[in-house]
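The values are calculated or read from the model by the stated rules, or taken from the named source; none is laboratory data. From a predicted model like this one, the values you see are computed outputs, not experimental measurements. No Cβ is skipped: glycine too gets one built from the backbone with ideal geometry, and neighbour counts run over all protein chains shown.
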Amino acid sequence: MKKQNGFTLIELVVVIIILGILAVVAAPKFINLSSDAREAALQGVAGSIKGANAMVHAKAQVAGVAEEPTANVNLNGTAFVAAAGKAVTPETFGVVYGYIPATQEALRTALELDVKEWDIAADAGVAKSAPETKADELSINIKQKDAPNGCYVTYTQAGEGVAPVVEVVETGC
């Protein structure tokens with residue numbers, strides 16, 4: 001009689017059970033990757049805002065307009081453009097106390113954010129549970145287009161003697 005080689009039914013069931021246990025243990029690690037990626041993107045945008053603000057403020061200090069409520073800065077050149085009589089071009093945007101103002105145009109120009117991937121607006125589709133601001137503070141939210149409402153960066157522009165505030169909200173990522 002010829003001997004047959006192969007797996008028994010019990011061996012196959014044991015292997016399937018082991019694979020099932022591994023899948024249950026490993027699945028949460030892979031499911032949470034999109035949330036981690038969104039949080040990392042937000043941290044990257046917040047870092048970009050801080051870095052761009054540091055460069056713009058340094059440029060404003062060199063030009064002697066860091067304490068002025070408004071001035072225009074040209075990102076391509078080294079000198080500031082006088083606020084009076086000069087148009088703001090795509091390479092130029094107004095600064096507030098030497099920092100980037102909380103406007104769509106200024107943030108898009110300074111950060112070079114892709115319009116197809118990021119919303120920049122006073123609410124940017126964010127739920128109104130965001131922190132209230134004082135009347136003299138202007139804030140703007142930056143949110144990925146496909147991100148949930150609790151996943152955004154809030155940028156509050158500088159005031160007199162007050163540096164801008166960048167806050168990352170990750171409650172719903």
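Miscellaneous remarks
- Just so you know, in region 117-145 the residues that are within 25 Å of residue 35 (Cα to Cα), of a type outside the set (Gly, Ala, Ser) and modelled with pLDDT under 85 include one that is surrounded by the most Cβ atoms within 10 Å (Cβ to Cβ), and it is 126.
- Taking every residue in region 36-47 that is under 14 Å from residue 155 (Cβ atoms) and pairing it with any residue that is surrounded by 12 or more Cβ atoms within 10 Å (Cβ to Cβ), at least 6 positions away or on another chain, the pairs with Cβ-Cβ distances below 6 Å are 42/153; 42/168; 45/142; 45/153; 46/153; 46/166; 46/168.
- The set of residues in region 1-59 that are assigned to a helix (DSSP H, G or I), more than 30 Å from residue 142 (Cβ to Cβ) and of a type in the set (D, E, K, R) contains only 11.
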